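These notes are about the structure you will find just below.
What follows draws every value from the coordinates through simple rules; no lab data is involved. In this text the structure is predicted, and so the values were computed from the model without any measurement. We place every Cβ from the backbone using ideal geometry, glycine too, and count neighbours over all the protein chains shown.
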Amino acid sequence: MVSSNLKYSFSIYGRTDVGTCRHVNEDYFLIANVSADEALIPELSHFQTFTDQEVLLGVADGSSFDSGATSDSQMALRMLNQIISREHDLTNVPTKLEAAIEQVNTDIHQLSISSDECHGATTICVAFLNEDEAHLAHVGDSRIYLSRRGELYQLTTDHTLIETLIRQGQVSKEEELTHPYRHVILQVLGAQPHVDVELSSLHLKRRDRLLLCTDGLWRLVGDEEIRRVLNDASHVTDIGDQLIDLAYRAGVLDNITVIVAECSGYGLSEPSETEPLSDTLIERKNTLANRNSENKPTP
């Protein structure tokens, strides 16, 4: 239990697993103390508590270089951390996250053109935690969830064809995991010269729990199970381990990566029983979803 004398405290656990079908783990996660310019180079798992510090979290799901030396996902998160750590003025975090991810996309795309071993394809979702705010940025189908007052909220929108069809009413939510187009991703980092970065920010509340994960988790573990674990488990390490265990029980095939962050401290207000989530959202930008709602694809 974190001391109540701390103003802002983030207990964070990250874990990645190769799964049962692949020989190489092409997922990657990042836990970085932006305040001290310190980044974790993870192995399989890591737990750390940050107090009154700016923290950058990220997960990515990409493809390996042909040499096996690195992956697009690892390269993307390391590039992002380098760009953010050079910023001395982080008063407008969403704009800077957007610019940084766009720069990472440009660099990986150019490398994929000049290098035969770089495939230029990775998802990315990041959370920048600073005092009572979380700034989120996202490209692809990795997800960020929020657990608050026992409820689960998906804070990101999948950049997939099936999500577009759901929004247009052509496909039901129940068909998401079985539809023949369920694996069609509309955008990833590095594949095209430009990406539309989804952005959102929200005010954090005491005992909020954030989950960042690749699709190796959410395709096999349903929202109700995710909600239950995030709500019932006593510690972030228990949450991460239980979620990956559930994926294994469901027959996990893909790489799977999770980051769990628990927010505490007297600087955070108590969540209201009547306040809707929308009232704590500071801003939201999803230009890809807006564009796709205007231009319906032909399956």
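Within the group Thr157, Thr164, Thr178, which residue is hydroxyl-bearing (Ser, Thr, Tyr) and crowded, with 21+ Cβ neighbours inside 10 Å? Only one candidate passes the filter, namely Thr164. For the stretch 5-64, the set of residues classified as farther than 17 Å from Val126 by Cα and touching a His at 6+ places or on another chain (Cβ under 6 Å) consists of Ser63 only. Of all the residues in the stretch 199-240, those that are touching a Phe, Trp or Tyr at 6+ places or on another chain (Cβ under 6 Å) and buried (at least 23 other Cβ atoms within 10 Å of the Cβ) number 3. Contact list please: Cβ distance under 8 Å, first residue in the stretch 71-92 and part of a helix (DSSP H, G or I), second residue surrounded by fewer than 15 Cβ atoms within 10 Å (Cβ to Cβ), pairs at least six apart or on different chains. That search, which allows pairs on different chains as well, returns Met79/Gln103; Ile83/Gln103; Ser85/Asp37. So, Gly222, is that one without any contact (Cβ under 8 Å) to a residue 24 or more places away in the chain, within 30 Å of Glu273 (Cβ to Cβ) and not charged (D, E, K, R) or not? Yes; evaluated as a whole, the condition is true for this residue. Only a single criterion out of (1) buried (at least 24 other Cβ atoms within 10 Å of the Cβ); (2) in contact (Cβ under 8 Å) with a residue 60 or more places away in the chain is not satisfied by Val139, namely (2). In the set (1) crowded, with 22+ Cβ neighbours inside 10 Å; (2) in a loop (DSSP other than H, G, I, E, B), the condition left unmet by Ala134 is number (2).
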